[in-house]
Amino acid sequence: MAQFRFVHSADLHLGTPLRGIGTIPPHLAELFRTATLLAWERLVQFCIDEQVDFLCLAGDIYDERDRNLTAQLAFQQGCERLHEAQISIYLIHGNHDPMDGKQAHLHWPSNLYTFSAEQVESYPIIRHGEEIARIYGRSYPTYHVTENYSQSYKRSSSAFAIGLLHANVGNSSGHANYAPCSLQDLQNGEMDYWALGHIHKPQQLQDQLPTIIYAGNPQGRHWKEAGERGCYLIEVDGVQVHSRFQPLQVIRWEEEVVELQGVDGEQALLDQLFHIAEQVNERTNSTPVLLRIRLEGRTPLYDGLLDEEVRQELLERINHQLMGLGMKVWLASLQSMALPLQIPDIASQSLAADIMQIVQDWRADWIEQRTTIRSILDELKDRRFWEQEGLLPSDAELQAMIEQLEPWLLQRLGEGGGKR
Ligand SMILES: [Mn+2]
């Protein structure tokens with residue numbers, strides 16, 4: 001039985017403009033701007049260093065249907081380097097970069113195999129005249145694919161079968177439900193290894209045959225894509241499959257929650273924030289990190305923390321300290337979900353009482369309110385973008401926002417109105 005090694009990656013989203021944070025220092029800004037391209041370079045280098053037989057890319061190579069030129073040139077350059085190293089690339093296109101998008105007219109090296117969108121195609125991997133594996137795949141013709149593609153992956157030889165599939169397995173929430181299929185569809189299918197793309201969090205859904213893996217994206221693009229990002233190195237020995245995750249990200253997103261119970265003054269808060277940033281720095285081995293801290297719990301600092309300028313002041317102070325110590329963590333955002341120590345007793349004031357009644361009705365009738373909020377979100381102008389990015393708030397997040405409303409309103413009303 002043959003032995004071979006390959007790298008499984010997906011969702012490069014080359015050319016994604018990273019956004020969503022305020023001012024960042026110049027040394028991070030450049031990294032931030034080119035992060036997806038740099039992660040691709042790292043992926044190419046990793047394939048070369050590991051001398052793998054081939055590279056599989058499971059969709060969303062580009063971020064936009066009409067691919068941007070910088071992204072295409074960067075991809076072309078990586079493919080050429082792999083060509084020189086005699087490493088072939090097998091790729092499908094996904095919902096972000098379907099076949100009907102605009103492409104530049106470029107010369108591509110002969111080691112690049114792109115699967116068509118018409119039907120499932122396959123390519124053999126030949127070594128010394130023997131077929132050691134066969135790769136199956138199908139690209140998206142357009143972004144909106146509702147058909148269950150997995151069922152049309154039929155093996156046409158006895159060689160180890162790798163299926164490249166861009167799909168939402170098991171109706172994962174927070175991700176557009178394209179080419180939907182169940183885990184069982186894959187387990188019962190004819191492939192030995194399912195190389196999945198679409199869900200950006202790296203995860204192994206099954207390790208025995210068929211091995212089923214989401215490679216995740218090699219570079220996170222916002223806080224909802226926090227943590228380690230990379231690709232999988234797969235070694236096949238007969239029917240034994242070994243997988244190893246390899247981090248590739250050039251910049252990491254991290255989110256931490258700080259409980260404010262017992263943090264009773266500004267100095268204590270600063271110390272606590274610095275301590276968290278220090279821990280993140282240690283945990284991430286000095287990779288550049290964009291950190292967001294969410295403050296929770298009851299605190300006498302509640303009022304101050306509602307003030308944008310106060311939060312900005314705290315950020316600057318912490319970042320100054322971190323930079324001074326040469327740490328790579330950048331505290332980019334401070335969110336307050338804190339609560340006041342006491343809610344003022346203003347129930348006797350009729351306006352306040354009416355408003356509070358509305359908020360309480362909302363909370364009591366949460367299921368219906370949630371439906372209303374969801375229907376408002378459905379009307380959002382850039383809804384498809386928000387949805388594809390997984391940026392729409394989850395039910396738990398919506399509920400947390402509603403919980404915040406009551407103390408916030410009471411505090412404002414308790415100040416006698418008109419102060420803000
Ligand atoms: Mn994607």
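What the table shows:
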| item | result |
| --- | --- |
| Selection count where residues are over 17 Å from Gln335 (Cα atoms) and surrounded by 12 or more Cβ atoms within 10 Å (Cβ to Cβ), scope segment 245-267 | 9 |
| Any hit, segment 75-88, residues being open to solvent by less than 20 Å² (accessible area, probe 1.4 Å) and touching a His at 6+ places or on another chain (Cβ under 6 Å) | no |
| Top-ranked residue of segment 1-16 - restricted to ones that are part of a loop (DSSP other than H, G, I, E, B) and within 15 Å of the ligand (Cβ to nearest atom), ranked as modelled with the lowest pLDDT | Thr16 |
| Members of segment 278-312 found to be farther than 28 Å from Val250 by Cα and surrounded by 13 or more Cβ atoms within 10 Å (Cβ to Cβ), listed by number | Glu296, Gly297, Arg298, Thr299, Pro300, Leu301, Tyr302, Asp303, Gly304, Leu305, Leu306, Val310 |
| The one condition in (1) at pLDDT below 95; (2) within 16 Å of the ligand (Cβ to nearest atom); (3) within 24 Å of Leu290 (Cβ to Cβ); (4) not β-branched (Val, Ile, Thr) that Phe32 fails to fulfil | (2) |
| Residues that are exposed (fewer than 12 other Cβ atoms within 10 Å of the Cβ) and at pLDDT 75 or above, drawn from segment 371-400 | Thr371, Thr372, Ser375, Ile376, Asp378, Glu379, Ala396, Glu397 |
| Breaking point among (1) within 16 Å of the ligand (Cβ to nearest atom); (2) crowded, with 21+ Cβ neighbours inside 10 Å, for Ala133 | (1) |
| Test for Tyr214: is it surrounded by 24 or more Cβ atoms within 10 Å (Cβ to Cβ) and within 30 Å of Glu254 (Cα to Cα) | yes |
| Failed item in (1) open to solvent by less than 60 Å² (accessible area, probe 1.4 Å); (2) at pLDDT below 80, with Arg363 passing the rest | (1) |
| Ser116, sole failed condition from (1) open to solvent by 60 Å² or more (accessible area, probe 1.4 Å); (2) free of Cβ contacts under 8 Å to residues at least 24 places away in the same chain; (3) farther than 20 Å from Asn217 by Cα | (1) |
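The values are calculated or read from the model by the stated rules, or taken from the named source; none is laboratory data. Just so it is clear, the structure is predicted and the values come from calculations on it, not from any experiment. Here the Cβ is made from the backbone with ideal geometry for all residues, glycine too, and neighbour counts use every protein chain on show. Heads up: the accessible areas ignore ligands, DNA and RNA and are worked out on the full protein's heavy atoms, side chains in. Shrake-Rupley method; radii C 1.70, N 1.55, O 1.52, S 1.80 Å.
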